[in-house]
Amino acid sequence: MRLLLPLMIGISIGVILSGRMMQKHPYKKLAVRGWLLTSVALFSISLIFTDIGVIFIYFFAFLTGFGIGSVMPTFMLPDQNAVSENYQATVGGMIQLSKNIDGAAGILVLFPSYKGLFLKTFDKVLHSNILPNCINRR
């Protein structure tokens, strides 16, 4: 649970800053930079070794969230610009509704299939000494 806090803070800051930066910079470049930052941060998380401090994990979680957050507003803008001014609010609402429906359907469909796989793997890791020292510290 503590690892999600830097991720959510990064998403919030990324959304705010990216929304402000879209007034001055092209949204395509912001989207590419956001994806690159997210990719580099996730790759860095995959390379973390066992004796690294928790602060680095929090930092890379923040960078991942910041990259995802900076991409979020950049996809709404081209969709709203594709329609006339009278329908921009409708398109924005449809996009948000489709994201919510996709998320709910994805959870409904994918959770049962991943639950068994995740629990088997998690039980093996939990009851062995594979966990990194940084997660075991309290």
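Readers should treat all values here as calculations from the given coordinates under stated rules, not as data from a laboratory. The shown structure was predicted, so the numbers you read here are calculated from the model rather than taken from an experiment. Cβ: placed from backbone, ideal geometry, glycine included. Neighbour counts: every protein chain shown.
Observations
- The label point for LEU119 and the one for TRP35, both projected 7 Å from the Cα toward the Cβ, are 3.7 nm apart.
- Cα-Cα P(r), region 59-113, percent of pairs per 5 Å interval: 4, 17, 16, 17, 18, 16, 8, 4, 1
- Isotropically averaged projected area of region 13-94, using the convex hull of Cα atoms (one quarter of hull area), nm²: 6.3
- When LEU42, LEU37, LEU97 are sorted by how many other C-beta atoms sit within 10 angstrom of their C-beta, beginning with the fewest, the order is LEU97, LEU42, LEU37.
- Scaled to the globular estimate 2.2 N^0.38 Å, the Cα spread of region 1-55, given as radius of gyration, is 1.38.
- Estimated FRET transfer efficiency when R0 is 30 angstrom, pair SER98-ILE13 (beta carbons, to 0.05): 0.75
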